[in-house]
Amino acid sequence: NAGVTQTPKFRVLKTGQSMTLLCAQDMNHEYMYWYRQDPGMGLRLIHYSVGEGTTAKGEVPDGYNVSRLKKQNFLLGLESAAPSQTSVYFCASSYNQDLLTGGNIQYFGAGTRLSVL
Amino acid sequence: GQQLNQSPQSMFIQEGEDVSMNCTSSSIFNTWLWYKQDPGEGPVLLIALYKAGELTSNGRLTAQFGITRKDSFLNISASIPSDVGIYFCAGQLETSGSRLTFGEGTQLTVNP
């Protein structure tokens, strides 16, 4: 199993450019998440999805859009990139609850390192 | 905003030493998770805790879910160079559904 796969791994954008980050999971998870990681700030939730065709805002949603057209894919879009969006972006997925314990475990991709100049 | 306080922010230790880090909050959590992130990689789950007072081990790692449900700690015994990385705590609030709240991370450096 590949688990959670993110593409691309690295990207450099100019201010104002747009791009889409792709996340794919092969674990049949219902839930998917996009986080950004900045030095000293841990992981902050941007948007998430509890199922195909549904999305919701997280802690820091401004400047980002998402789509979940297929259960296995979750796309993160930047319509007009800004230097403040320079970060490492992580996608994660989970079941709606762990089948044995009733809790929630999220599995992460390797990240996309984005620089906006 | 951030609801988890993780400490220490960084640690520099010698190989063979034991390590302890913790997370505290003013909120009550249903689940505590501990992740490790290696350089250039995504976080990987180390230990999951689901009940107040639960003490769970994974090899040299031991973690506990605080009785008040507002804190958790992670201990690493007899550290080795491959323990280097960033350790994150994460909690699932009663009111947050599947969403996790992450601590700011503890950067661990192990000197051979």
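The values are calculated or read from the model by the stated rules, or taken from the named source; none is laboratory data. Small disclaimer: the values here were computed from a predicted structure and weren't measured. Positions of Cβ are generated from backbone atoms using ideal geometry, with glycine treated the same way; all protein chains shown enter the neighbour counts. To get the accessible areas, we keep the full protein, side chains included, count just its heavy atoms, and leave off ligands, DNA and RNA. Shrake-Rupley method; radii C 1.70, N 1.55, O 1.52, S 1.80 Å.
General remarks:
- A:Pro8 vs. criteria open to solvent by 70 Å² or more (accessible area, probe 1.4 Å), farther than 20 Å from B:Gly97 by Cβ and not charged (D, E, K, R): no
- Considered as a group, the residues in the stretch A:26-44 that are open to solvent by less than 10 Å² (accessible area, probe 1.4 Å) and modelled with pLDDT of 90 or more include one that is farthest from A:Asn96 (Cα to Cα), and that residue is A:Leu43.
- Failed condition for A:Leu75, given (1) open to solvent by 30 Å² or more (accessible area, probe 1.4 Å); (2) within 14 Å of another protein chain (Cβ to nearest Cβ); (3) assigned to a strand (DSSP E or B): (2)
- Residue within the stretch B:42-65 that is in contact (Cβ under 8 Å) with a residue 40 or more places away in the chain, assigned to a loop (DSSP other than H, G, I, E, B), at negative phi and more than 11 Å from chain A (Cβ to nearest Cβ) present: no
- Sole exception among (1) modelled with pLDDT of 95 or more; (2) not in a loop (DSSP other than H, G, I, E, B) for A:Val50, by number: (1)
- Filter result (more than 10 Å from every other protein chain (Cβ to nearest Cβ) and either touching a residue at least 60 places away in the same chain (Cβ under 8 Å) or not β-branched (Val, Ile, Thr) (or both)) within the stretch B:24-37: B:Ser25, B:Ser26, B:Ser27, B:Ile28, B:Phe29, B:Trp34, B:Lys36
- Within the option set A:Lys57, A:Lys70, being in contact with a strand residue (DSSP E or B) (Cβ under 7 Å, 6 or more places away or on another chain) and open to solvent by 60 Å² or more (accessible area, probe 1.4 Å) holds for one residue only, A:Lys57.
- Members of the stretch B:14-56 that are aliphatic (A, V, I, L, M) and open to solvent by 10 Å² or more (accessible area, probe 1.4 Å): B:Ile28, B:Val44, B:Leu45, B:Leu46, B:Ala48, B:Ala52, B:Leu55
- Counting only residues that are of a type in the set (A, V, I, L, M, F, W, C), within 13 Å of A:Ser87 (Cα to Cα) and outside any strand (DSSP E or B), the stretch A:1-45 holds 1 of them.
- Positions within the stretch A:69-117 being among the β-branched types (Val, Ile, Thr) and at pLDDT below 95, in sequence order: A:Thr101, A:Ile105
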